[in-house]
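The values are calculated or read from the model by the stated rules, or taken from the named source; none is laboratory data. Nothing here was measured: the structure is a model prediction, and the numbers come from that model. Methodologically, a virtual Cβ is constructed for each residue, glycine included, from the backbone with ideal geometry; neighbour enumeration extends over all protein chains shown. The protein model used for the area step is the full one, side chains on, heavy atoms only, and it has no ligands, DNA or RNA in it. Shrake-Rupley method; radii C 1.70, N 1.55, O 1.52, S 1.80 Å.
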Amino acid sequence: MPVELYRDDHHACLMFTDLIEEDGQAVQSNQFLIVDGDTGAVIDPGGNLAFNELYVGMSRHFSPHKLAYVIASHADPDIIGSLDRWMTSTSGLLVISRVWERFAPHFTKVGKTDNRVVGVPDGGGRLPLGRHELWLLPAHFMHSEGNFQFYDPVSRILFTGDLGVSMLSGQQAKTPVTELAPHIRFMEGFHRRYMVSNKILRLWVRMVRQLDIAMLVPQHGAPISGAAAIRDFLDWIETLACGIDLFDERAYQLPQTVIDPHSRRTAPVLRAVGG
Ligand SMILES: [Fe+2]
Ligand SMILES: [Fe+2]
């Protein structure tokens, strides 16, 4: 069952947290549906693992040909691996950074994306959705080079993509976090490795502090809800050293280690605390 992040008579924001099998192979991820009247959009619909249930969930609210957009924060497989199926089963437009506009068609069969890609310029914009507009906020290098976050002024939810993510189970991801301190250990390893630099985080915090935000909702793990936790998150991420801040010549040595292709282990950065 999806989590209802917001609902009024005409508008709803739903989050799906547990559509993929939790066997440790594929990282837990969230998919989102925004409904406004008899139309809507899916945000970061994910890979093929999530398609069926998300499609059925959407069909409960409006018929697939009323889907306005498939909106992608960036072009990773856990974001739009299922693009071929969305382009086949609906008439929605793909909304994605111009940086990825001509790469995304590699996810689909030939011709499926013809005249159906809205390439978003680096500065972002406001996208009409039903009777409202969804704000496409620049979030480049967090972590992807062409990356957007989505602010819904009706629910005051900021969908943050891979920023603010935590490594939790699909069940744990359903419950919003209202106190940041005990939650940092589930976020820190990921952010230190997947975010590109502290300079970018500071620029983003400066922009986002101007918004009235009820909830930060990431694409992995639990939402961060309430003024105190959001303020603490902005303060934490603003000073976090990450990515190229932490890399020096030690990370660029000719390799000596022989990889054993038969040993199987989860990537350390995806564990709760991280490497
Ligand atoms: Fe990603
Ligand atoms: Fe992701």
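Summary table
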{"quantity": "Boolean, H10 is touching a residue at least 40 places away in the same chain (Cβ under 8 Å), open to solvent by 50 Å² or more (accessible area, probe 1.4 Å), within 21 Å of I157 (Cβ to Cβ) and not aliphatic (A, V, I, L, M)", "calculated": "yes"}
{"quantity": "Unique residue being free of Cβ contacts under 8 Å to residues at least 24 places away in the same chain and among the small types (G, A, S) when the list is S91, S82, S73, S59", "calculated": "S59"}
{"quantity": "The one condition in (1) more than 17 Å from I20 (Cβ to Cβ); (2) surrounded by fewer than 20 Cβ atoms within 10 Å (Cβ to Cβ) that G57 fails to fulfil", "calculated": "(1)"}
{"quantity": "Matching option when the condition is exposed (fewer than 13 other Cβ atoms within 10 Å of the Cβ), under 18 Å from the mean Cα position of the chain (by Cα) and either touching a residue at least 12 places away in the same chain (Cβ under 8 Å) or within 16 Å of ligand 2 (Cβ to nearest atom) (or both), among Q219, Q171", "calculated": "Q171"}
{"quantity": "From the options V205, V258, residue that is closer than 26 Å to S29 by Cβ and away from ligand 2 (no atom under 16 Å from the Cβ)", "calculated": "V205"}
{"quantity": "Residue tally, condition within 16 Å of ligand 2 (Cβ to nearest atom) and either of a type in the set (F, W, Y) or more than 17 Å from G170 (Cβ to Cβ) (or both), over the range 49-69", "calculated": "0"}
{"quantity": "Residue among R156, R102 that is charged (D, E, K, R), more than 27 Å from D36 (Cβ to Cβ), over 16 Å from the mean Cα position of the chain (by Cα) and open to solvent by 20 Å² or more (accessible area, probe 1.4 Å)", "calculated": "R102"}
{"quantity": "Failed criterion for V269 (all others in (1) modelled with pLDDT under 95; (2) in a loop (DSSP other than H, G, I, E, B) hold)", "calculated": "(2)"}
{"quantity": "Test: I200 is crowded, with 17+ Cβ neighbours inside 10 Å, within 16 Å of ligand 1 (Cβ to nearest atom), part of a helix (DSSP H, G or I) and among the β-branched types (V, I, T)", "calculated": "yes"}
